[in-house]
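**Student:** The structure's right below; bear with me while I get my questions together.
The values are calculated or read from the model by the stated rules, or taken from the named source; none is laboratory data. Please read all numbers here as calculations on a predicted model, not as lab measurements. So basically every Cβ, Gly included, is an ideal-geometry build from the backbone, and we count neighbours across all protein chains shown. The protein model used for the area step is the full one, side chains on, heavy atoms only, and it has no ligands, DNA or RNA in it. Shrake-Rupley method; radii C 1.70, N 1.55, O 1.52, S 1.80 Å.
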Amino acid sequence: MAADLTLRFATFSTPLGAFTVVASERGLVATATDDADRLLDEVTGALHAPARPGGRWLDGPERDLERYFAGRLRRFTTPVDLRLVSTPFARAVLEVTRTIPYGELWTYGDVAGRAGRPGAARAAGSALRRCPIEVFVPCHRVVPAGPGLGRYGGDEDRRAFLLRLERAI
């Protein structure tokens, strides 16, 4: 167990359904819209730290989610903690993705180039597919260069919902 790491979690009701967040003192570590128990098992196992319910770190994410889904938030203020992201390039991809403005669509190639590896669109796509923090890292704003919205972790309906909310499609 990591004696120096404390994790907190909460589940909020959103238009996507139950939305679980796990946070450290540095920011959001992971989110999920499906199985909260699986998420907690994965995060606590990977970080060798327990997760406890509630806590002051979760006020910001809850407020951001409420405002975002009400159409009143264009940029998340909640910090993220990318300690679950294994490579420097993947971290760079996620940091670049956080800068994509509300309602805009960028391609995987755009993100790869801005993350320092032009031509690495497929690697950027892989990093985005494994992103542990949904919505707060707006992976839904990254699409293929060709037609269509792409797979978005296999849930095209969720991506389309988020992009319609932002009036990007």
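**Student:** What number, rounded to the nearest 500 deg cm²/dmol, is the helix-based mean residue ellipticity at 222 nm of the chain, given -39500 (n - 2.57) per DSSP H run of at least four residues and division by all its residues?
**Tutor:** -10500 deg cm²/dmol
**Student:** Can you give me the accessible area per residue for the stretch 16-169, using a 1.4 Å probe, in Å²? Walk me through the intermediate numbers first.
**Tutor:** Working: 7600 Å² over 154 residues.
Heavy-atom SASA per residue in the stretch 16-169 reads 49 Å².
**Student:** So what does the Cα-only Debye profile of the stretch 64-104 read at q = 0.20, 0.26, 0.33 Å⁻¹, as log10 I(q)/I(0), no solvent term?
**Tutor:** -0.71, -0.93, -1.11
**Student:** Here's something else I'd like to know. Loop only by DSSP, 12 or fewer other Cβ within 10 Å of the Cβ. Give me the trypsin sites (Lys or Arg not before Pro) in the stretch 52-112 that pass, ordered by residue number.
**Tutor:** ARG72, ARG74, ARG75
**Student:** If you take the Cα atoms of the chain, find Rg, then find the Kirkwood Rh from the mean of 1/r over all pairs, what is Rg/Rh?
**Tutor:** 0.95
**Student:** Among HIS48, HIS140, what's the order by accessible area (1.4 angstrom probe), most exposed first?
**Tutor:** Values: HIS48 120, HIS140 0 Å².
Correct descending sequence by accessible area is HIS48, HIS140.
**Student:** Using a 1.4 angstrom probe on heavy atoms only, work out the carbon and sulfur share of the accessible area of the stretch 1-123 in %.
**Tutor:** Details: 3110 of 6420 Å².
Of the solvent-accessible surface of the stretch 1-123, carbon and sulfur hold 48 percent.
**Student:** At 1.4 Å probe size, put LEU149, LEU58, LEU47 in order of accessible surface, largest to smallest.
**Tutor:** Heavy-atom accessible area, descending, gives LEU149, LEU47, LEU58.
**Student:** Based on the Cα atoms of the stretch 96-169, what semi-axes does the equivalent ellipsoid have, where each is the square root of 5 times one gyration tensor eigenvalue, given in whole Å with the largest first?
**Tutor:** 18, 12, 12
**Student:** Suppose accessible area is computed on protein heavy atoms with a 1.4 Å probe; arrange ASP37, ASP110 from highest to lowest.
**Tutor:** Largest to smallest exposure gives the sequence ASP37, ASP110.
**Student:** So the label point goes 7 Å from the Cα of LEU73 along Cα→C-beta, right? Which residues of the stretch 124-147 then have their backbone N under 16 Å from it?
**Tutor:** 133-140, by backbone N distance to the label point.
**Student:** Using a Gaussian network model of the chain with C-alpha springs under 10 Å, which one of ARG38, ARG117, ARG130 is most mobile by mean-square fluctuation?
**Tutor:** ARG38
**Student:** Find the all-direction average of the projected area of the Cα convex hull for the stretch 1-47, expressing the result in square nanometres with one decimal place.
**Tutor:** Dividing the Cα hull surface by four gives the mean projection, 3.2 nm².
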